[in-house]
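S.K.: Structure provided below as structure tokens; questions to follow.
The values are calculated or read from the model by the stated rules, or taken from the named source; none is laboratory data. All of these numbers come straight from a predicted model, not from anything done at the bench. Backbone-built Cβ (ideal geometry, glycine too); neighbour counts: all protein chains shown. These accessible areas exclude ligands, DNA and RNA; they are computed on the full protein's heavy atoms, side chains included. Shrake-Rupley method; radii C 1.70, N 1.55, O 1.52, S 1.80 Å.
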Amino acid sequence: MSVVAETSRHHGFGGWQVFGKHDSAEIGLAAKFSVYLPPAAAKGPVPWLIYLAGLTCTEETFMIKAGAQRVAAELGLALVTPDTSPRGTDFPGQADNWDFGVGAGFYVDATEAPWAKNWHMYSYVTKELPALIAANYPVDPKRLGLFGHSMGGHGALTLGLKNPDLFKSVSAFAPISNPINCPWGEKAFTGYLGSDRKAWAAHDASELMKLKAHPQAILVDQGEADQFLGTQLHPHALEAAAKVSGQKLILRRHEGYDHGYYFISTFVEDHLRHHAKILG
């Protein structure tokens, strides 16, 4: 287990907002993360959530923009956010596009060169990060939930569906629900996983949901004025998949809301309460 180096700590809502980094064995580079510890964490282990951010975001984005700490403090939930990709590589073209490469890890373990060397975001989020946080902060490993936005919503749904024993609760804001059938997903999966489209299905929330339901209800919020709704997100595919497997899916559509953090901050309290109810 690598050593955590806290880079800053800030008092807020009676708890602590922490930013830190460590040398990641999965990624092979330094990795940054953030943690919000509610006041209840001072008395013992608390339930907690990992939040996966979207394209171009970092471990800071949610903690700064979502306004989640007030409600997390009230509910006694810890919040954890990793970065969205490895950083510090020098691969050709790694930062040429905002939707692929740096800031766009898509929460998969890459199999294609050069990405396969470091782009192990699936293993990082499902193995190393939970172990690291549990070893260094007062959280209960048995009461862990997962949520995310856009690319991170894709990550939350796919990782949650594939690891229900680890992630006891799942939700998403405007997720990329059917990446095998949208430009963002096709670009990322081709680059990270290769050209075999059949292999992509293992990383597609709609395809996974057809096969097996998560034991708990999944909450998804989608803005109807989202600029990416028609081309990239495809929540209708998720609805269809839920009917196949019997997944209890709470898909809420909101008129007038776009893809950004004003949307997320409006409904983040509902998501935290959804997770708190399941995690106890």
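S.K.: Would you be able to tell me the number of residues in segment 190-231 that are in contact with an Asp or Glu (Cβ under 8 Å, 6 or more places away or on another chain) and not hydrophobic (A, V, I, L, M, F, W, C)?
M.R.: The qualifying residues number 8.
S.K.: With respect to the numbered conditions (1) in contact with a strand residue (DSSP E or B) (Cβ under 9 Å, 6 or more places away or on another chain); (2) surrounded by fewer than 21 Cβ atoms within 10 Å (Cβ to Cβ), which one is the sole condition not fulfilled by Met151?
M.R.: (2)
S.K.: Also: Could you list, ordered by first residue, the pairs with Cβ atoms under 6 Å in which the first is in segment 122-133 and under 20 Å from Gly153 (Cβ atoms) and open to solvent by less than 30 Å² (accessible area, probe 1.4 Å) and the second is β-branched (Val, Ile, Thr) and not in a helix (DSSP H, G or I), at least 6 apart or interchain?
M.R.: Within 6 Å, the pairs are Tyr124/Ile27.
S.K.: When Gly260 is evaluated against the numbered criteria (1) under 22 Å from Val71 (Cα atoms); (2) touching a strand residue (DSSP E or B) at 6+ places or on another chain (Cβ under 8 Å); (3) open to solvent by less than 30 Å² (accessible area, probe 1.4 Å), which criterion, by number, is the only one it fails?
M.R.: Failing condition for Gly260: (2).
S.K.: Further question: So, in segment 236-248, exactly how many residues are outside any helix (DSSP H, G or I) and surrounded by fewer than 20 Cβ atoms within 10 Å (Cβ to Cβ)?
M.R.: 2
S.K.: Here's another thing I want to ask about it. Give the residues of segment 160-199 that are of a type outside the set (Lys, Arg), more than 27 Å from Arg253 (Cα to Cα) and without any contact (Cβ under 8 Å) to a residue 60 or more places away in the chain, sorted by residue number.
M.R.: Correct list: Asp165, Leu166, Thr190, Ser195, Asp196, Ala199.
S.K.: Also: How do the pairs read when you match residues in segment 142-153 that are farther than 15 Å from Glu269 by Cα with residues anywhere that are modelled with pLDDT of 95 or more and part of a helix (DSSP H, G or I), using Cβ under 6 Å and keeping only pairs 6 or more apart or on different chains?
M.R.: Arg143/Leu279
S.K.: Grab the strands (runs of 3 or more DSSP E) fully contained in segment 12-110, keeping just those with 1 or more residues being within 17 Å of the chain's Cα centre (by Cα) and crowded, with 23+ Cβ neighbours inside 10 Å.
M.R.: Where strands (runs of 3 or more DSSP E) fall fully within segment 12-110 and carry at least 1 residues being within 17 Å of the chain's Cα centre (by Cα) and crowded, with 23+ Cβ neighbours inside 10 Å, they are 30-37, 46-52, 78-82.
S.K.: Are any residues in segment 180-230 under 25 Å from Asp258 (Cα atoms), small (Gly, Ala, Ser) and not in a loop (DSSP other than H, G, I, E, B), and if so, which ones?
M.R.: Matches in segment 180-230: Gly185, Ala188, Ala205, Ser206, Gly223, Gly230.
S.K.: Yes or no: Glu74 under 16 Å from Gly148 (Cβ atoms) and not hydrophobic (A, V, I, L, M, F, W, C)?
M.R.: no
S.K.: Hey, another quick one. Taking segment 170-205 as the region of interest, how many residues are touching a Pro at 6+ places or on another chain (Cβ under 9 Å) and crowded, with 21+ Cβ neighbours inside 10 Å?
M.R.: Residues meeting the conditions: 12.
S.K.: Which of (1) part of a strand (DSSP E or B); (2) open to solvent by 10 Å² or more (accessible area, probe 1.4 Å); (3) hydrophobic (A, V, I, L, M, F, W, C) is the odd one out, the single condition Leu144 does not satisfy?
M.R.: (2)
S.K.: So which of His254, His275 ends up being surrounded by fewer than 20 Cβ atoms within 10 Å (Cβ to Cβ), touching a Phe, Trp or Tyr at 6+ places or on another chain (Cβ under 8 Å) and either free of Cβ contacts under 8 Å to residues at least 12 places away in the same chain or over 23 Å from Arg197 (Cα atoms) (or both)?
M.R.: Residue meeting the stated conditions: His254.
S.K.: If you scan segment 206-235, which residues turn out to be open to solvent by less than 30 Å² (accessible area, probe 1.4 Å) and among the charged types (D, E, K, R)?
M.R.: Within segment 206-235, Asp221, Asp226 meet the criteria.
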